Every structure is written in C-alpha cells, then in structure tokens.
Amino acid sequence: SPAGMVLSVLVILLLSMLYEAVKMGKAVLLRRALLALPRSLSRESLVEPEEGDTGPAQGRWFRYHVGQTLFHVVQVVLGYMVMLAVMSYNAWIFLGAIAGSTLGYFV
C-alpha cells in the first residue's frame, strides 16, 4: 500500500541517518582515545604496571576502546540492514537510503 511504502522509506531514511551519526560518534571516540594516550614514551610508561595498577590514562583509553568497539558493531549492523533494504531493488527505498545518508552526513 502507499502508506506502507512511505513508512518503509522513512524507516530506511532514519536508519541511514543513524548510520552516519554512529560513524561520526566512532570518529569522536577515536580522537578522544588518541588524546588519552601518553604524549611521550618515558621510562615510566614503558615499565609494565603492577597487577591491579592501571593508570588513569590507560583506564580511559580502555573505556574509549570498548566504546569504539560497541559503536563499530552498531555501525556494521545498521550498514547491513540498509544494504539489505537497498537490495530489494526498489527505487523508492534506494532514494530513501541516499537521502538519509545525505541528511545524516549534513547534520
């Protein structure tokens, strides 16, 4: 039905926008993770830490890395969902995916 098609196109448009937002969030987390790394390789940073002793920078970096991993999983799932929708070979769905990707990148 026409209403079902409009709803389908809107859902794909929103999924494409969400995909772009997740991609941007992943890039922001990568930047923060890189800033959390020590600036120089001093003798103290090369020595292995005692058991249970994690420095603040190392703990922050690990949390950012876990966040990046979760963002990556969400990005892959959303990408495959949009790809499967486009592979229905429906021109309106394809245009919804393109419009959503464009709007998501713009925002």
Check: Rounded if a/c is under 1.5, else prolate if a/b beats b/c, else oblate: with a ≥ b ≥ c from the C-alpha gyration tensor eigenvalues square-rooted, which is region 55-107?
Finding: oblate
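Pull out the extension gain between ALA91 and MET24, defined as 0.36 nm times the separation in residues minus the alpha carbon to alpha carbon distance; nm, one decimal.
Working: separation 67, 0.36 × 67 = 24.12 nm, distance 2.71 nm.
Here the answer is 21.4 nm.
Readers should treat all values here as calculations from the given coordinates under stated rules, not as data from a laboratory. Since we're looking at a predicted model, the values are computed, not measured.
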